[in-house]
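Novice: The structure is given below, and queries will be raised subsequently.
The values are calculated or read from the model by the stated rules, or taken from the named source; none is laboratory data. Remember, it's a predicted structure, so these values are computed and weren't measured experimentally. Quick reminder, even Gly has a Cβ in these numbers, built from the backbone with ideal geometry, and neighbours come from all protein chains shown. Please note that ligands, DNA and RNA were not included when accessible areas were found on the heavy atoms of the full protein model with its side chains. Shrake-Rupley method; radii C 1.70, N 1.55, O 1.52, S 1.80 Å.
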2 protein chains.
Amino acid sequence: MDSTEALLSHFEGNKTINAVNCAVLPGLIDAHIHTTCAILRGVAQDVTNWLMDATIPYALQMTPAVNIAGTRLSVLEGLKAGTTTFGDSETPYPLWGEFFDEIGVRAILSPAFNAFPLEWSAWKEGDLYPFDMKAGRRGMEEAVDFACAWNGAAEGRITTMLGLQAADMLPLEILHAAKEIAQREGLMLHIHVAQGDRETKQIVKRYGKRPIAFLAEIGYLDEQLLAVHLTDATDEEVIQVAKSGAGMALCSGAIGIIDGLVPPAHVFRQAGGSVALGSDQACGNNCCNIFNEMKLTALFNKIKYHDPTIMPAWEVLRMATIEGAQAIGLDHKIGSLQVGKEADLILIDLSSPNLSPTLLNPIRNLVPNLVYAASGHEVKSVMVAGKLLVEDYQVLTVDESAILAEAQVQAQQLCQRVTADPIHKKMVLMEAMAKGKL
Amino acid sequence: MDSTEALLSHFEGNKTINAVNCAVLPGLIDAHIHTTCAILRGVAQDVTNWLMDATIPYALQMTPAVNIAGTRLSVLEGLKAGTTTFGDSETPYPLWGEFFDEIGVRAILSPAFNAFPLEWSAWKEGDLYPFDMKAGRRGMEEAVDFACAWNGAAEGRITTMLGLQAADMLPLEILHAAKEIAQREGLMLHIHVAQGDRETKQIVKRYGKRPIAFLAEIGYLDEQLLAVHLTDATDEEVIQVAKSGAGMALCSGAIGIIDGLVPPAHVFRQAGGSVALGSDQACGNNCCNIFNEMKLTALFNKIKYHDPTIMPAWEVLRMATIEGAQAIGLDHKIGSLQVGKEADLILIDLSSPNLSPTLLNPIRNLVPNLVYAASGHEVKSVMVAGKLLVEDYQVLTVDESAILAEAQVQAQQLCQRVTADPIHKKMVLMEAMAKGKL
């Protein structure tokens, strides 16, 4: 009480926000997300070959209108659950950057590219991927153009990285060129690294070494790298990446659902590396929510090591805030509430039944409850760069119901196109569908 | 549209509930919970010896007023998240049953007892537990009295089981007597079974065999048993329990946080057993929410087996509904929406951003989204035994803010008593507290 009075007598504000019974935290950071995929939420779970057997028929039918409807839905969902920074990796499409400007969140847009040809029919499992140098160069140019145009946009709220899809999906020449451009432009590289045995097999077959050794050789292991997943890296390789100064993006929910695996974030942190959390994509993970990622990360790692003390609540809360900011190179601006940093903050209503009671002594239950009990729906208000985007659970900058309605329309039309394409009959979930299990 | 019109022309209702954009599901079943513990939410996570090093100082300070405040908070939280049936295991205390009657949920109250003496100072780790026969008999009598008095109360909404705390915590004589009484009264036995290596060591030392073999020998393995946890049972033992007709209560969140382990529910189900989900207690698990348990159960098992097809969404949804009802012997009344069963149902708002869009073809995303994307805050309305308890997110039968306020008051007083007791200084989390990590 005194403290509020003292503040009011010393400072003048344009607006006073009632934060009684609220925790005030730095906005949460989602370092790796493919926002367009929200349109495909829930169509590809509980399957073995997630990409080929479940998502490809949908991916073939994506359009710019679907893309933007998906991005809007993902960001709306994340924002309402306290995410203020979105590390979005997408092939550039119309209105992508504009929407982040409009809704007011912080974004690190990573225009993605690979060197895959349109035509794959000659390729067989086990072969090296075919590369289309023209497509790869064009993809890189478009990505570089986008990254340079949007870096620092929206008064600095939007920055960019180069989104190389993965080292096995690009020829060496383009990998070299991309690194050179990134150094020249001061851009980080946002790359899926050691994401699975397919990637490992391709790199070993093409270059005679495993992905991390290959990336070290071509000069990719440094502070400019945001390495996503690392699922297929050995502990020694993980330590090598961490010690290089690269950051790691950890997508616990997505990798748990898609692969049944727990990425090596604990080893990465132990080696001194900074780990950021990512929700990846809704067709795998099913939700864009960093509270979900904090909880799953803590619990999955306890289970991986059969040890309840591994990844305590405060560690994963740091990953969602200050360590996440370090991993993406933005800790000078965000990740903690500090004089001189941007005002990205969230108010969490501690009087929600699932967060009650609030205990301060002898043990404070605040951080454990934020990680193990919260689900994100307790986020009452959200501010980014000093501007209120959500107030008392209402999104102020965009029309929520219009976004939901458009997502529903675009999704239904997409599903009609998928249904019209005979390829959909090969989807592995058609059997569960026929049995009424979905 | 036609369908609604047809219904309205054929039936008359006292009230019409708008369920546009809602999924209507059977109410969820929480088969194993200790409701009083909600007062201790968040005080005992990320520790190795959860019971002795983190919760005991709090447990020593529980009072009837704390107990009822905790029960009210747990049930409020669960109800708002779609739980309609609570399998609550507690040492009977004043107003326990009355509150379930008042709030209107379905309950299976399991009055719990053990034969532990008040005085333990002579006991050393490795010794057999001391038994106080008088305390054990008195506990059993009180439990039986409670169970008989409340079985079938509130027009059948409240039924009872006998809550034997665990086979290692009661002498053989009382185990025999309890089984005889249960058979006579037609009550199930709600027991922690093979919950950890301590229990196994005690039973092996006392009887020369492991817990499951011991329970088989004394005639406990049958349809009258609800076996909670089974964490320390081998696959062969799990199969033996499942084939006996006993049900299993699976507490994924609690065991994940407390032990870093995944109980053997997959093996139990494969052997033909019925598995129910349970939220256990908030000082371990941190929340009373069956959406949380569905999601964690599916994901933990994928990780345990390194296989994304294990425990698909539909399986865990069955555990939360019809299989859960089978495990607790109530499938003739609840667990599915069927003519002749009780009207326990929940409405889930599918237009929540995290559940959008709704897709029907070629792949329906409803069940995957309920399991992997929902968190329970999308539950709009709840009905139990045909009576609305929650309507448009408002609890109708109790005063939510009064329950939250009383929980806060009781919790603060409890914490003052804990702080006044020097034993609290031994709590393992005091170090994290001193470092500002909580």
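Novice: Within region A:300-310, is even one residue more than 8 Å from chain B (Cβ to nearest Cβ), at negative phi, out of contact with any Cys (no Cβ under 8 Å at 6 or more places or on another chain) and in contact (Cβ under 8 Å) with a residue 12 or more places away in the chain? First the steps, then the outcome.
Specialist: The initial filter retains those residues of region A:300-310 that are more than 8 Å from chain B (Cβ to nearest Cβ), namely A:301.
Then keep just the ones that are at negative phi; that gives A:301.
With out of contact with any Cys (no Cβ under 8 Å at 6 or more places or on another chain) added as a condition, the list becomes A:301.
From what is left, the residues that are in contact (Cβ under 8 Å) with a residue 12 or more places away in the chain are A:301.
The answer is yes; a qualifying residue exists.
Novice: So residue B:219 fits all but one of (1) in contact with a Phe, Trp or Tyr (Cβ under 7 Å, 6 or more places away or on another chain); (2) farther than 26 Å from residue B:306 by Cα; what number is the exception?
Specialist: For residue B:219, the exception is condition (1).
Novice: Further question on the same structure: With A:95, A:73, A:79 as the choices, which residue is among the aliphatic types (A, V, I, L, M) and out of contact with any Leu (no Cβ under 8 Å at 6 or more places or on another chain)? Steps first, answer last, please.
Specialist: Numbers: A:73 fails: out of contact with any Leu (no Cβ under 8 Å at 6 or more places or on another chain); A:79 fails: out of contact with any Leu (no Cβ under 8 Å at 6 or more places or on another chain).
Being among the aliphatic types (A, V, I, L, M) and out of contact with any Leu (no Cβ under 8 Å at 6 or more places or on another chain) holds for just one of A:95, A:73, A:79, which is A:95.
Novice: Being within 7 Å of another protein chain (Cβ to nearest Cβ) and surrounded by 22 or more Cβ atoms within 10 Å (Cβ to Cβ) narrows it down to one of A:381, A:375, A:351, so name that one.
Specialist: Details: A:381 fails: within 7 Å of another protein chain (Cβ to nearest Cβ); A:351 fails: surrounded by 22 or more Cβ atoms within 10 Å (Cβ to Cβ).
A:375 is the lone residue from the list that is within 7 Å of another protein chain (Cβ to nearest Cβ) and surrounded by 22 or more Cβ atoms within 10 Å (Cβ to Cβ).
Novice: Here's a follow-up. So which residues in region A:182-206 are open to solvent by less than 30 Å² (accessible area, probe 1.4 Å) and of a type in the set (Val, Ile, Thr), if there are any at all?
Specialist: Those that are open to solvent by less than 30 Å² (accessible area, probe 1.4 Å) and of a type in the set (Val, Ile, Thr): A:191, A:193, A:200, A:203.
Novice: Here is a follow-up. Answer yes or no: is there a residue in region B:12-21 that is open to solvent by 10 Å² or more (accessible area, probe 1.4 Å), in contact with a strand residue (DSSP E or B) (Cβ under 6 Å, 6 or more places away or on another chain) and on the phi < 0 side of the Ramachandran plot.
Specialist: Taking region B:12-21 first, the residues open to solvent by 10 Å² or more (accessible area, probe 1.4 Å) are B:12-21.
Filter once more, keeping what is in contact with a strand residue (DSSP E or B) (Cβ under 6 Å, 6 or more places away or on another chain): B:19.
Subsequent filtering for residues that are on the phi < 0 side of the Ramachandran plot retains B:19.
Yes.
Novice: For region A:77-91, what are the residues that are crowded, with 24+ Cβ neighbours inside 10 Å and either at pLDDT below 95 or not acidic (Asp, Glu) (or both)? Give the derivation first.
Specialist: Step one: of region A:77-91, the residues crowded, with 24+ Cβ neighbours inside 10 Å are A:77-79, A:81-89.
Once the filter is applied, which keeps residues that are crowded, with 24+ Cβ neighbours inside 10 Å and either at pLDDT below 95 or not acidic (Asp, Glu) (or both), region A:77-91 yields A:78, A:79, A:81, A:82, A:83, A:84, A:85, A:86, A:87, A:89.
Novice: Residue B:216: open to solvent by less than 20 Å² (accessible area, probe 1.4 Å) and away from chain A (no Cβ under 14 Å), yes or no? Lay out the reasoning, then the answer.
Specialist: Values: open to solvent by less than 20 Å² (accessible area, probe 1.4 Å): no; away from chain A (no Cβ under 14 Å): yes.
No; evaluated as a whole, the condition is false for this residue.
Novice: Please count how many residues of region A:260-285 are modelled with pLDDT of 95 or more and either within 9 Å of another protein chain (Cβ to nearest Cβ) or under 15 Å from residue A:46 (Cα atoms) (or both). Give the derivation first.
Specialist: To start, the set of residues in region A:260-285 that are modelled with pLDDT of 95 or more comprises A:260-280.
Subsequent filtering for residues that are either within 9 Å of another protein chain (Cβ to nearest Cβ) or under 15 Å from residue A:46 (Cα atoms) (or both) retains A:260-262.
Total meeting the criteria: 3.
Novice: With B:322, B:290, B:328 as the choices, which residue is more than 11 Å from every other protein chain (Cβ to nearest Cβ) and surrounded by fewer than 24 Cβ atoms within 10 Å (Cβ to Cβ)?
Specialist: Details: B:290 fails: surrounded by fewer than 24 Cβ atoms within 10 Å (Cβ to Cβ); B:328 fails: surrounded by fewer than 24 Cβ atoms within 10 Å (Cβ to Cβ).
Going through B:322, B:290, B:328 in turn, the sole match is B:322.
Novice: From the list B:284, B:256, B:260, exactly one residue is free of Cβ contacts under 8 Å to residues at least 12 places away in the same chain, farther than 24 Å from residue B:365 by Cα and open to solvent by less than 10 Å² (accessible area, probe 1.4 Å). Which is it?
Specialist: Residue meeting the stated conditions: B:260.
Novice: Now for a separate question. Condition check: touching a residue at least 24 places away in the same chain (Cβ under 8 Å) and not aromatic (Phe, Trp, Tyr). Does residue B:359 satisfy that? Full working, then the answer.
Specialist: Working: touching a residue at least 24 places away in the same chain (Cβ under 8 Å): no; not aromatic (Phe, Trp, Tyr): yes.
No; evaluated as a whole, the condition is false for this residue.
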